[in-house]
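Working notes, beginning with the structure itself.
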Amino acid sequence: HLQLEESGGGLAQPGGSLRLSCVASGFYLEYYHNYAIAWFRQAPGKEREAVGCISISDDSTYYVDPVKGRFSLSRDNPNHTVYLQMDSLNTDDTAVYYCAAETIAPQILHMICPDPAKFDSWGQGTQVTVSS
């Protein structure tokens with residue numbers, strides 16, 4: 001497993017932006033290039049849902065439909081960090097955001113990414129609140 005730590009959450013106005021960071025550490029860091037990093041979110045009273053995934057090895061990405069065109073993933077491999085840039089935020093984006101990691105081949109990223117049960121390493125989460 002990787003150890004993951006999220007940061008960057010907070011309060012944003014509708015239409016605003018936030019950037020979340022997910023930093024990986026731990027014993028398995030030497031295998032970081034084999035991993036995909038996912039972002040999930042969970043709103044009060046709702047199930048955890050996927051936001052998107054990025055492959056560390058080749059930069060392949062996957063996004064769920066509600067965030068396509070608004071959210072984007074990027075990576076800083078030397079610093080073992082993945083960023084989730086969130087633009088055009090709306091109140092439906094309010095949730096606790098978690099990053100997760102798993103060894104996933106880029107070719108099947110779109111099949112694995114939506115399912116939180118496929119991921120073994122999780123961060124503690126960071127709160128994102130979108131409100132006027």
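Computed over protein heavy atoms with a 1.4 Å probe, the carbon and sulfur contribution to the accessible area of the chain reaches 47%. Work out the charge dipole of the chain with +1 on the Cβ of Lys and Arg and -1 on the Cβ of Asp and Glu about the Cα centre, then indicate which of V67, Y98, G26 is farthest towards its positive end. Of the candidates, V67 comes out farthest on the positive side. Between D59 and A43, the simple spin-label model (points 7 angstrom out along Cα→Cβ) gives 3.3 nm.
Based on the mean of other beta carbon atoms within 10 Å per residue, what is the order of 56-69, 31-44, most packed first? Don't skip to the answer; put the middle values down first.
Values: 56-69: 15.3, 31-44: 19.7.
In decreasing order of mean packing, 56-69, 31-44 become 31-44, 56-69.
Run the helix sum for the chain: -39,500 (n - 2.57) per DSSP H stretch of 4+ residues, divided by residue count, reported at 222 nm to the nearest 500 deg cm²/dmol.
Values: 1 runs with 4 residues, N = 132.
That comes out to -500 deg cm²/dmol.
Each part reduced to its alpha carbon centroid, region 33-52 and region 68-117 end up 7 Å apart. With viscosity 1.567 mPa s and temperature 4 °C, the Kirkwood radius over alpha carbon pairs of region 25-120 converts through Stokes-Einstein to a diffusion coefficient of 95 µm²/s.
Projecting the Cα atoms of A43, V130, S57 onto the dipole axis of the chain, where Lys and Arg carry +1 and Asp and Glu carry -1 at the beta carbon, places V130 farthest toward the positive end.
Which sequence of Y28, Y98 reflects their accessible areas, 1.4 Å probe, from the largest down?
Numbers: Y28 95, Y98 35 Å².
Solvent-accessible surface, decreasing: Y28, Y98.
Here the chain is assigned +1 on the Cβ of each Lys and Arg and -1 on the Cβ of each Asp and Glu. Its dipole about the Cα centre then comes out at about 220 debye.
The values are calculated or read from the model by the stated rules, or taken from the named source; none is laboratory data. Please read all numbers here as calculations on a predicted model, not as lab measurements. Glycine gets a Cβ as well: all are built from the backbone with ideal geometry, and neighbour counts include every protein chain shown. Accessible surface areas use protein heavy atoms only, side chains included; no ligands, DNA or RNA. Shrake-Rupley method; radii C 1.70, N 1.55, O 1.52, S 1.80 Å.
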